[in-house]
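Before any comments, here is the structure.
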Amino acid sequence: MAAYVKRAAAIFGAKVTLVHVFDLYSHASQLYVRPLSEVAEEQQNLGREKLDSFLKSEFPLGEAPRILLSGDAANRIVQLAKTHKFDLIIMPTHAGFFRRNLLGSTTAKVLDEADCPVLTTQHVETISPRRLEHREWACAIGSDTDSERVLRYASEAAEAVHANLTLVHVIPASGPDLLVESDLQERLQSAKRKAASRRMEELQSTAGSHALVSIAVGPIKDILTEEAHRLRADVLVIGRSPQSGVLGRLRDLSYALARDAPCPVLSV
């Protein structure tokens, strides 16, 4: 991810801060035979040494601050982002474990709690994201009141990297338990498409966006991942609920899309 992050920072004129959180209690066995203060000091010294030597050529110590913290990784990252007013958290994800256990991962907790946008990626242990000189971005857009905020962010960010932006709006298909005649179903879907098209025009007019629009009917997550594949999108922008917690961000598709999307996902 180093080249990707460095180029992104250059394009947006941003400063990169490297953050590492170590869990003192992952070394709990040592606490039975050694004083807590001794183990804590040792782990802090080791963490500092590793962090200061990490990616020195890409992010020189004098240019990129390095912050070492201890405790629960997700909580400390979220709190640090709030305190320092970070504009973006980038969290490369690990192969295998991330996709199978996203809901219990540090990434999932950060997605649920962070106020600022979060960029997650594919299996960066085996796949590096394409450089930011790409040209295709996709943005998942609903019809709710929060859609304007998401669209405005996606439009401004895509313009900054000179990328084409396609808005993808998905109309959920009728459930299998709804017995509707085929001609009536077609008329209903046609009406929904027209209403969605008008809504997309309204949102774009308000946000000052001129993106292409793709409207599809079907399972939301499946359609969005398919469209990202079809467009060969380099980034998929999605909205997260402004509210955190079980009744807020946990309700949306952020986790499923971050897990299954074929490209980096920018959750705003």
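None of LEU111, LEU51 is open to solvent by less than 20 Å² (accessible area, probe 1.4 Å), part of a helix (DSSP H, G or I), modelled with pLDDT of 90 or more and among the hydrophobic types (A, V, I, L, M, F, W, C) except LEU51. Cβ-Cβ distance below 8 Å, separation of 6 or more or different chains: which pairs start in segment 69-92 with a residue that is touching a residue at least 40 places away in the same chain (Cβ under 8 Å) and end on one that is acidic (Asp, Glu)? Qualifying pairs under 8 Å: SER70/ASP23; GLY71/ASP23; ASP72/ASP23; ALA73/ASP23. The residues of segment 8-23 that are closer than 13 Å to GLY71 by Cα and either in contact (Cβ under 8 Å) with a residue 60 or more places away in the chain or touching a Phe, Trp or Tyr at 6+ places or on another chain (Cβ under 9 Å) (or both), listed by number, are VAL19, HIS20. Those helices (runs of 4 or more DSSP H) of segment 152-262 in which 3 or more residues are at pLDDT 85 or above and surrounded by 14 or more Cβ atoms within 10 Å (Cβ to Cβ) occupy 182-207, 220-231. Scanning segment 134-149 for residues that are open to solvent by less than 80 Å² (accessible area, probe 1.4 Å) and more than 18 Å from PHE12 (Cα to Cα) returns ALA138, CYS139, ALA140, ILE141, GLY142, SER143, ASP146, SER147, GLU148. Filtered by the rule that a residue be modelled with pLDDT under 95 and touching a strand residue (DSSP E or B) at 6+ places or on another chain (Cβ under 9 Å), segment 77-100 gives ILE90, MET91, PRO92, THR93, HIS94, ALA95, GLY96, PHE98, ARG99. Residues that are surrounded by 15 or more Cβ atoms within 10 Å (Cβ to Cβ) and either among the hydroxyl-bearing types (Ser, Thr, Tyr) or in contact with a Ser or Thr (Cβ under 9 Å, 6 or more places away or on another chain) (or both) within segment 3-16 comprise just one, TYR4.
Consider SER26 carefully, then state whether it is closer than 22 Å to THR107 by Cα, surrounded by fewer than 11 Cβ atoms within 10 Å (Cβ to Cβ), modelled with pLDDT under 90 and among the small types (Gly, Ala, Ser). The answer is yes for SER26.
The values are calculated or read from the model by the stated rules, or taken from the named source; none is laboratory data. All of these numbers come straight from a predicted model, not from anything done at the bench. Please note: Cβ atoms are built from the backbone with ideal geometry, for glycine as well, and neighbour counts cover all protein chains shown. These area figures cover heavy atoms from the full protein model, side chains too; ligands, DNA and RNA do not enter into them. Shrake-Rupley method; radii C 1.70, N 1.55, O 1.52, S 1.80 Å.
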